[in-house]
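Step one of this worksheet: look at the structure below.
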Amino acid sequence: MPRTITIKDIAKEAGVSVALVSFVMNNRLEADGKPKYRVGESTREHILEVARRMNYRPVARVLRRQMRSVVVGVILPDASDPYYGQFASRLERLTLPEGCTLLFAYSQQDPVRFERLSDLFLTQKADALVVVPIPEDKEGLEEIRRSGLPCVVPVREDDPLSAAAECASRLLRLLQEQNL
């Protein structure tokens, strides 16, 4: 795959500063219809010609903005439990098209492990959590709630697919409220 051309490459080839190339490539019009940055026409044309010749495609910034993924930490009790296997698979299928990347971890019903996993997600800047708390460990869930991080606790239903659909709906609604 060919190397992506950057504005630094264009600046070097055109013999101008990176800032000047950025001004030309990103020059927006003010409310009065005039360019925000004033660049001489010959300089502007020279930079645009170099960019064309080098086959510059300014898509990276746009893609980063449009494709930002929301990272959701998911703490489930047990990877070997078929209920949570189906739940996890359905939850991921429902949230992935909405821009969510789910990171799964399993507490094994161990309060110490649950605390470590929740601390990991809280400190590694997950955008939201889905957690199945350990019944005896009320403090672990309270710590997550105190953090202010959006958190969904799934309701265990007879059908894991229904539970996942309900959880996904609550999670997506919460993320939308948080503008994530």
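Take every DSSP beta bridge whose two residues both sit in the chain, then give the antiparallel share in percent to the nearest 5.
Values: 1 of 14 bridges.
Taking every DSSP beta bridge within the chain, about 5 percent pair in antiparallel fashion.
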Query raised in the report: Projected onto the charge dipole of the chain (+1 at Lys/Arg Cβ, -1 at Asp/Glu Cβ, origin at the Cα centre), which of Phe121, Cys100, Val74 gives the Cα projection farthest towards the positive end?
Result: Cys100
Query raised in the report: Relative contact order, percent, of region 45-180 when contacts are C-alpha pairs under 8 Å separated by at least 6 residues?
Result: 26 percent
Query raised in the report: Between Ser69, Ser42, Ser169, which gets the highest mean-square fluctuation from a Gaussian network model of the chain, Cα cutoff 10 Å?
Result: Ser42
**Report entry** Degrees, to the nearest 10: 82-95 long Cα axis against longest axis of the chain
**Finding:** 30 degrees
Query raised in the report: Ignoring ligands, DNA and RNA, what accessible area per residue does the chain give at 1.4 Å, in Å²?
Result: 64 Å²
Query raised in the report: Hey, got the dipole for the chain? About the Cα centre, +1 on K and R Cβ, -1 on D and E Cβ, debye to the nearest 20?
Result: 1440 debye
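Once every DSSP H run of n ≥ 4 in the chain is given -39500 (n - 2.57) and the sum is divided by its residues, what mean residue ellipticity at 222 nm do you get, rounded to the nearest 500 deg cm²/dmol? Walk me through the numbers on the way to the answer.
Numbers: 8 runs with 92 residues, N = 180.
Value at 222 nm, helices only: -15500 deg cm²/dmol.
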Query raised in the report: Tell me, what % of the accessible area of the chain is carbon and sulfur with a 1.4 angstrom probe?
Result: 52 percent
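The values are calculated or read from the model by the stated rules, or taken from the named source; none is laboratory data. Owing to the predicted nature of the structure, the values given are computational and were not obtained by experimental measurement. Heads up, the Cβs are rebuilt from the backbone with ideal geometry, glycines too, and the neighbour counts pull from every protein chain shown. To get the accessible areas, we keep the full protein, side chains included, count just its heavy atoms, and leave off ligands, DNA and RNA. Shrake-Rupley method; radii C 1.70, N 1.55, O 1.52, S 1.80 Å.
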